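Since the structure comes first, as structure tokens, the remarks are kept for the end.
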């Protein structure tokens, strides 16, 4: 399932995105998932919890795919 997640400004940190999108219940849970290699950014396993994401980035966690979009002013 692909979902578009709209943020106000970029960049957004990976763990913040996972929490904001409701994929992780907390920042701590998001961090653990990233460090365990459960998250992919643009198809590549990402282990940096504070990775900065920009518009167009695709984040996969489990069955969910999140696409980052920046809100228009």
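Listing for the model above:
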| item | result |
| --- | --- |
| Residues within segment 53-73 that are touching a strand residue (DSSP E or B) at 6+ places or on another chain (Cβ under 6 Å), part of a strand (DSSP E or B) and loosely packed, with under 15 Cβ neighbours inside 10 Å, tallied | 4 |
| Residue match in segment 32-40 (condition: at pLDDT 95 or above, part of a helix (DSSP H, G or I) and either within 15 Å of residue 2 (Cβ to Cβ) or in contact with a strand residue (DSSP E or B) (Cβ under 8 Å, 6 or more places away or on another chain) (or both)) | yes |
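The values are calculated or read from the model by the stated rules, or taken from the named source; none is laboratory data. Because the structure is predicted, anything quoted here is derived from the model rather than measured. Quick reminder, even Gly has a Cβ in these numbers, built from the backbone with ideal geometry, and neighbours come from all protein chains shown.
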